[in-house]
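Reviewing the structure listed below.
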Ligand SMILES: *Cc1c(COP(=O)(O)O)cnc(C)c1O
């Protein structure tokens, strides 16, 4: 039986086609100005993001993986230091820590798929310097609980807020809770560029100055080179496109929250599923739904059933938490997270979806369980 409808997990051409004419105009404008590297569009975009999330500094870089490395190094981490992170994250969290010279130490995930603050203390050693929660799926971790442990042990907080531009906990935006964070503008992220892009966000002048050096060969204004560094600049053309898309960002987030509500209304009654926390109006959490990650009984069969009916789904990180990437040298056993990885599934969640698309996805899921 052919599927009645095709709902791809993410519609990549829409990143361009949704706003084709405006984007082509931007290419013409930036190209005609020859404004390719570190021009005013990058600066303007950095200012917009800084203002939006309430951070003193935003440093546009080539991608959020580089941003994580530069943030760690810029915050003074290095050889012999340990950084605690939640294993339900992209490998980039750990590689950012690794390339700064420090050792990434994975811990458990909580019921809401964020860092389990109660597990932090079990991983603290005399070498521990920082805690790096991932603000996963566009939701903040319980930052009160994390700050509490951090301050008791004198640890720094850094955030992998790659998925959480505009996500809030108690009115504060992801990326501003500790010494710094990062945002990714990968095409499928909530603010997606036409390629790779990212930034470091920080309220710390020293971290900001360091990251500005690191992204541009360690050169100061006179072009004197003052340290070993990378080339990891944000493309000015991408910055100009991102600035344009950013004008509609609040609408995009409102729409994602509406879609999350629609999933909740349609699937809330199914005992075979655990849904992510629903959007709150006046609560502690303001979630932006980068992803809609459910837990499902008979997950693999459900995934196949959805695929047969034209619905794309994804299991994050290729189905493995970071500590199970054994070739990277991890040996930990984290049973709660490992169990979660047998049940988790990402349903389609993007501004390309119509209400009918979501209702179709829900109908197909109900058909599987009922
Ligand atoms: C996307 C992502 C990154 C990496 O971002 P890139 O810009 O693709 O390098 C890091 N951490 C998390 C949690 C992500 O989702």
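The values are calculated or read from the model by the stated rules, or taken from the named source; none is laboratory data. Everything numeric here is computed off the predicted structure, so don't read it as measured data. All Cβ positions, even for glycine, are placed from backbone atoms using ideal geometry, and neighbour counts span all protein chains on display.
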What are the pairs with Cβ atoms under 6 angstrom where one residue, in region 83-105, is within 16 Å of residue 156 (Cβ to Cβ) and the other, located anywhere, is within 9 Å of the ligand (Cβ to nearest atom) and in a helix (DSSP H, G or I)? Sequence gap at least six, or different chains.
85/93; 96/68
Looking only at region 212-221, decide whether some residue is within 16 Å of the ligand (Cβ to nearest atom) and assigned by TED's automatic domain parsing to the domain that holds residue 166.
yes
Considering each residue of region 113-157, count those that are within 16 Å of the ligand (Cβ to nearest atom) and at positive phi, and give that number.
3
Residue count, region 192-207 (criterion: surrounded by fewer than 20 Cβ atoms within 10 Å (Cβ to Cβ) and in contact with a helix residue (DSSP H, G or I) (Cβ under 9 Å, 6 or more places away or on another chain)):
5
Exactly one condition in (1) more than 19 Å from the chain's Cα centre (by Cα); (2) crowded, with 16+ Cβ neighbours inside 10 Å is false for residue 219; which is it?
(2)
Looking for whichever is under 21 Å from residue 176 (Cβ atoms), touching a strand residue (DSSP E or B) at 6+ places or on another chain (Cβ under 7 Å), within 15 Å of the ligand (Cβ to nearest atom) and at pLDDT 95 or above here; the options are 200, 207. Which one fits?
200
Residue count for region 70-84, restricted to those that are surrounded by 24 or more Cβ atoms within 10 Å (Cβ to Cβ) and part of a helix (DSSP H, G or I)
4
Please verify whether residue 184 is closer than 28 Å to residue 142 by Cβ, within 15 Å of the ligand (Cβ to nearest atom) and surrounded by 19 or more Cβ atoms within 10 Å (Cβ to Cβ), treating the condition exactly as stated.
yes
Quickly run through region 59-69 and pick out the residues that are outside any loop (DSSP other than H, G, I, E, B) and within 12 Å of the ligand (Cβ to nearest atom).
60, 61, 64, 65, 66, 67, 68, 69
Assuming residue 258 fulfils every condition listed in (1) touching a helix residue (DSSP H, G or I) at 6+ places or on another chain (Cβ under 9 Å); (2) in a loop (DSSP other than H, G, I, E, B) apart from one, which condition is it?
(2)
Out of curiosity, is residue 263 more than 14 Å from the ligand (Cβ to nearest atom) and not assigned by TED's automatic domain parsing to the domain that holds residue 68?
yes
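Against the definition (more than 22 Å from residue 217 (Cβ to Cβ) and in contact (Cβ under 8 Å) with a residue 40 or more places away in the chain), how does residue 128 come out, yes or no?
Yes.
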